[in-house]
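One structure below.
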Amino acid sequence: MKRTTTEFAIDGSALRRGAKKKLCTALGGLAETDTPLLFELLLVSEEEIRRLNREQRQVDKITDVLSFPASDLVAGEPIRAAEHTDCVEPVMGRRKGEWVEKGARLFLGSVVICEKRAREQAEEYGHSYERELFYLAVHGVLHCLGYDHETEEERAVMREKEEYVMQKMGLSREI
């Protein structure tokens, strides 16, 4: 497998261009892959996240973030596009006035954040909304990459990855 620096892209209008770039740059290096990775990021209302939580997880309550992985990745294992062909999407661009395929990206899944809950948590934890929003996005992406926090060991690994990305963005717990 040709190892590449992990390149991430975000689909959706939840973040401005500069914020997307900041997050994608910080996520770089989280996975060993042979293709760039794409995830969808959505901000929704309390009603919508509660509906999704109820319908998808049978939990009838508001939550801060939900992840919907496109495939069953194993945390820390290399990601090979050939093993996830159903999730590979072409990247189109213009060349000499015509649309051509310029490469491909592997779709990781969707990360859905309750904007109101993120604002409440930022206030509750005493840091910025920006920090909370990025933290929830990172948490969701890690779930799409196969990480979980069901056991103490899993929780420790996931927390280490979250803190690594947050530090790369300059967003410590105090911000």
Rounded to the nearest 5, the percent of DSSP beta bridges in the chain running antiparallel is 50 percent
Rounded to the nearest Å, the spacing of the alpha-carbon centers of the range 32-57 and the range 81-153 is 8 Å
Exposure proxy check on THR6, THR151: fewest-to-most Cβ neighbours within 10 Å is THR151, THR6
With CYS114 itself left out, Lys, Arg at +1 and Asp, Glu at -1 over residues whose Cβ is under 10 Å from its Cβ give -2
Within the range 116-142, the residues whose backbone N lies under 16 Å from a label point placed 7 Å from the Cα of GLU154 along the Cα-to-Cβ direction are 139-142
Two pseudo-spin positions, 7 Å from Cα along C-beta at GLU130 and at LYS102, lie apart in nanometres by 2.8 nm
Residues meeting the amide H criterion for VAL88 (H placed from the backbone, H to H distance under 5 Å, 5 or more places apart or on another chain) are PHE107
Diffusion coefficient in µm²/s returned for the range 103-171 by Stokes-Einstein, Kirkwood Rh over C-alpha pairs, 4 °C and 1.567 mPa s, is 99 µm²/s
Beyond 19 Å, the calculated P(r) of the chain holds a percent of Cα-Cα pairs equal to 59 percent
Ignoring GluC sites (Glu not before Pro) buried by more than 10 other Cβ within 10 Å or outside DSSP loops, the longest site-free run in the chain is 1-149
Karplus-derived 3J(HN,Hα) from phi for the range 12-17 (6.51 cos²θ - 1.76 cosθ + 1.60, θ = phi - 60°), whole Hz, x at Gly and Pro, runs x, 9, 5, 10, 6, 3
Taking Cα pairs closer than 8 Å and at least 6 residues apart, the relative contact order of the range 62-162 in percent is 33 percent
Net charge near SER13 (other residues with Cβ under 15 Å of its Cβ; Lys, Arg +1; Asp, Glu -1) is +1
Filtering trypsin sites (Lys or Arg not before Pro) in the range 50-130 by DSSP loop and by at most 12 other Cβ atoms within 10 Å leaves LYS61, LYS96
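None of the figures in this text is laboratory data; all of them are computed from the coordinates on show. Quick caveat, the model's predicted, so the values are computed rather than measured. All Cβ positions, even for glycine, are placed from backbone atoms using ideal geometry, and neighbour counts span all protein chains on display.
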